[in-house]
1. If I stretch the segment between A108 and N41 completely, what's the gain in nm (0.36 nm per residue apart, minus their alpha carbon distance), one decimal?
2. So if each residue of separation counts as 0.36 nm, and I subtract the Cα-Cα distance between L142 and R23, what length gain in nm does that give?
3. Mind sorting V205, V156, V56 by how few other Cβ atoms lie within 10 Å of their own Cβ, fewest first?
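No value in this document is a laboratory result; all are computed from the given coordinates. Fair warning: this is a prediction, and the values are worked out from it, not measured in the lab. Glycine gets a Cβ as well: all are built from the backbone with ideal geometry, and neighbour counts include every protein chain shown.
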Amino acid sequence: MPLTRWNERFFASTRGQVVALLRRGLGTVEDLAQALGLTDNAVRAHLTALERDGLVVQRGLRRGVGKPAYTYELTPDAERLFPKAYGALLHLLLDALAERLSPDALEALLRDVGHRLVEGHAPPTGNLQTRVEDAVELLGELGGLADVEARDDGFVILGRSCPLAAAVEGHPQACLLAEALLADVVGVPVRQTCDPDGPRCRFEVGTMAALTGGSPELMPGS
């Protein structure tokens, strides 16, 4: 996966170079100063800024023949700056599974993965709106971004950035993973009505469409 323009600019900066060197294990001020051709004080200033931004943390002391030196490491937030091939790998995995499993079996597998993602998450509490907001927050932790619209009979979660975008293209059933996850978090029926061509995530939560699976003939009074 290519770097974004923001990442390119960041890694071209001195602080970006500090992050890249820390990833390679150069963890002391002296190590970094020698690698970058900077003074120790200049490196400390950059480390202080990176600590403030939550990208670097001081871990301990490295003891040697001289004075012990503090060591620095990257935080998980800093690791997220580096490109990952998760989307492409997930897409290829779904390709392989689709070749080996029936459509029903693949859908069941994706729903099972969605249920597993919620394991360890606190059981649904509070009113429906609170639980929906909790579900949207969990989507954010997985790399997504979504808004919530209130309806007379429930809510609709509208995705602005899909964490499964790379996999959904060619595999719209991947949305069932998120559907199962959301249903477990909110504790009421959820139905995905995503647009796979966008992709734009859209989930009916507790609405009549969610309760009936979107089949008008099943709605009361029809």
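1. Separation in residues times 0.36 nm, less the Cα-Cα distance, equals 18.4 nm.
2. Gain on stretching L142 to R23: 40.6 nm.
3. V156, V56, V205
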